[in-house]
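A short reminder: the numbers here are calculations on the coordinates, not readings from a lab. Owing to the predicted nature of the structure, the values given are computational and were not obtained by experimental measurement. Positions of Cβ are backbone-derived with ideal geometry, glycine not excepted, and every protein chain shown enters the neighbour counts.
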Amino acid sequence: MPELPEVEVSRLGIAPHLEQQTITQVKIWQPRLRWPISNDVLQLAGEQVTAVKRRAKYLLLESRLGTLIIHLGMSGKLHVVPTDSEKQKHDHFALELASGLSLRLNDARRFGAVLWQGIDEVHEALSKLGPEPLTDEFTGLRLYELSRGKTAPVKSFIMDNAVVVGVGNIYANEALFATGIDPRRAAGKISKARYLELGEAIKVILAKAITQGGTTLKDFLSADGKPGYFKQELQVYGRTGEPCVQCLQPIRAIRIGQRNSFYCPRCQK
DNA sequence: ATGTTGACCTGTAAGC
DNA sequence: TGCTTACAGGTCAACA
């Protein structure tokens with residue numbers, strides 16, 4: 001479900017309910033997610049959430065004792081609900097708060113994760129990540145330099161978390177359309193000038209998606225239940241056979257690295 | 001080393 | 001109305 005904008009929208013939705021709140025109880029209903037939920041997370045009971053941050057597609061709930069790391073995988077969702085409300089199917093984990101509200105993780109496919117990072121540790125899930133796309137550490141120049149000699153498709157390249165984090169299947173397709181780059185092209189054979197444009201396009205598209213509340217494809221809702229409106233902005237993703245917004249050619253779908261990929265055969269070279 | 005593929009798991013939609 | 005198949009927002013391990 002979530003790429004970086006959806007995770008950020010989730011963060012913005014839950015943060016006001018969590019920050020400075022005391023956790024009264026930690027509930028592990030289903031520990032078998034992508035990795036088992038460690039009992040280390042139980043020490044959060046009685047602790048205060050000092051900040052709610054994000055790194056890549058990971059949410060970071062900080063406390064005096066350490067950081068709870070949440071990843072939503074493909075289908076994970078966070079809800080803030082009254083603690084006495086009924087547990088839903090696929091609710092796996094919850095933090096109960098002194099306010100009477102609870103944060104619940106619901107994830108049908110269980111590709112998500114709940115991890116514990118002790119104070120002064122860096123969890124290995126976070127240790128090999130590239131820069132955040134919306135910071136100055138990420139530039140088109142970086143894309144250009146890292147891509148030299150690579151033969152993998154440019155779409156796979158920009159989805160590589162060691163190159164830049166947070167660019168998933170939707171926004172990779174959109175950024176390549178915005179810059180007129182054929183997603184199949186070898187990453188190493190694209191010019192510096194085009195990478196400079198691509199870097200900017202990634203920033204602009206992700207930032208806009210965040211302001212629109214993310215992309216709701218099937219069922220993404222922010223923690224307060226609102227859908228995202230970026231779907232209306234999608235130029236190629238999911239538009240197989242529909243006319244290109246620029247040239248009216250039908251949008252094509254192909255498979256790149258096992259992922260559905262959409263492009264305009266006329267506008268993208 | 002780099003690139004590609006399968007695997008994890010469940011729900012939903014499409015096809016027969 | 002079934003039943004079967006393919007696919008879905010992500011990431012990692014294993015392989016060539």
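Just a few scattered comments:
- Which listed residue is part of a helix (DSSP H, G or I), within 16 Å of DNA strand B (Cβ to nearest atom) and under 30 Å from A:Leu105 (Cβ atoms), from A:Lys231, A:Lys208: A:Lys231
- Residues that are touching an Asp or Glu at 6+ places or on another chain (Cβ under 9 Å) and hydroxyl-bearing (Ser, Thr, Tyr) are absent from the stretch A:3-21.
- In the stretch A:12-33, residue nearest to A:Pro2 (Cα to Cα) [restricted to those that are part of a loop (DSSP other than H, G, I, E, B) and polar (S, T, N, Q)]: A:Gln30
- Filter result for A:Leu105 (more than 16 Å from DNA strand C (Cβ to nearest atom) and hydrophobic (A, V, I, L, M, F, W, C)): no
- Set A:Lys231, A:Lys218, A:Lys189: member being under 24 Å from A:Leu78 (Cα atoms) and out of contact with any Ser or Thr (no Cβ under 6 Å at 6 or more places or on another chain): A:Lys218
- Among the residues of the stretch A:234-269, the ones that are over 20 Å from the mean Cα position of the chain (by Cα), buried (at least 16 other Cβ atoms within 10 Å of the Cβ) and assigned to a loop (DSSP other than H, G, I, E, B) come to 5 in all.
- Among the residues examined, A:Ile210 qualifies as within 24 Å of A:Arg55 (Cα to Cα), away from DNA strand C (no atom under 11 Å from the Cβ) and under 18 Å from the mean Cα position of the chain (by Cα).
- Scan of the stretch A:161-193 for residues that are in a loop (DSSP other than H, G, I, E, B) and either among the aromatic types (Phe, Trp, Tyr) or over 16 Å from A:Leu206 (Cβ atoms) (or both), ordered by number: A:Ala162, A:Gly180, A:Ile181, A:Asp182, A:Pro183, A:Arg184, A:Arg185, A:Ile190, A:Ser191
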